[in-house]
1. Return yes when S45 is open to solvent by 70 Å² or more (accessible area, probe 1.4 Å) and out of contact with any Cys (no Cβ under 9 Å at 6 or more places or on another chain) and no when it is not.
2. Under 6 Å by Cβ, and 6 or more places apart or on different chains, what pairs join a residue from the range 9-21 that is open to solvent by 80 Å² or more (accessible area, probe 1.4 Å) with one that is part of a helix (DSSP H, G or I)?
3. Which of the residues belonging to the range 95-131 are assigned to a helix (DSSP H, G or I) and of a type in the set (S, T, N, Q)?
4. Can you name every residue in the range 98-131 that is among the aliphatic types (A, V, I, L, M) and closer than 25 Å to P34 by Cβ?
Amino acid sequence: MSQNNLNNDSLKEMFDLRQKFMSRMLEIFPDVYPKWPVNIHDKKSQQVLRDTALKGVEEMFEALQHLKNWKSHRQTDVGGGFDRDEFLEEMVDAYNYFFALMINLGVTEDEFFEAFLKKHDIIIDRLKTGY
């Protein structure tokens, strides 16, 4: 495990803000989110998790639409600039759905952070060993 001592207060705040938003949505629109954590074995719960994940992926695709010069075979430069603020807004939308997905699963910010560090160590070891 990495000995990284990063402060995860920001991650906790993001989880907390998303959970507060989800709670408020549940009050206003009771069918938008199930009560969490969901029962992962339940069919409806799995449908909710899948739909939430797909919404996050959709937002990532919306962010990618702002990247115009990614084709390696294109000889010309696509003008028009890059709107960083719009790109970041779409990325935030995506992360909000991914946070909702984890909250629905009952994953805490500490559990997510530990899983992140564990995977980080794995990919660093892969780089060292030429995976």
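The values are calculated or read from the model by the stated rules, or taken from the named source; none is laboratory data. The shown structure was predicted, so the numbers you read here are calculated from the model rather than taken from an experiment. All Cβ positions, even for glycine, are placed from backbone atoms using ideal geometry, and neighbour counts span all protein chains on display. We work out accessible area using only protein heavy atoms, side chains counted, and drop any ligands, DNA or RNA first. Shrake-Rupley method; radii C 1.70, N 1.55, O 1.52, S 1.80 Å.
1. no
2. K12/E109
3. Taking the range 95-131 as the starting set, the residues that turn out to be assigned to a helix (DSSP H, G or I) are 95-105, 109-129.
Across the range 95-131, the qualifying residues are N96, N104, T129.
4. A100, L101, M102, I103, L105, V107, A115
Listed here are the residues, each with its yes/no results for (1) open to solvent by less than 70 Å² (accessible area, probe 1.4 Å); (2) modelled with pLDDT under 95.
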| position | (1), (2) |
| --- | --- |
| G79 | yes, yes |
| L88 | no, no |
| F98 | yes, no |
| E111 | no, no |
| I124 | yes, no |
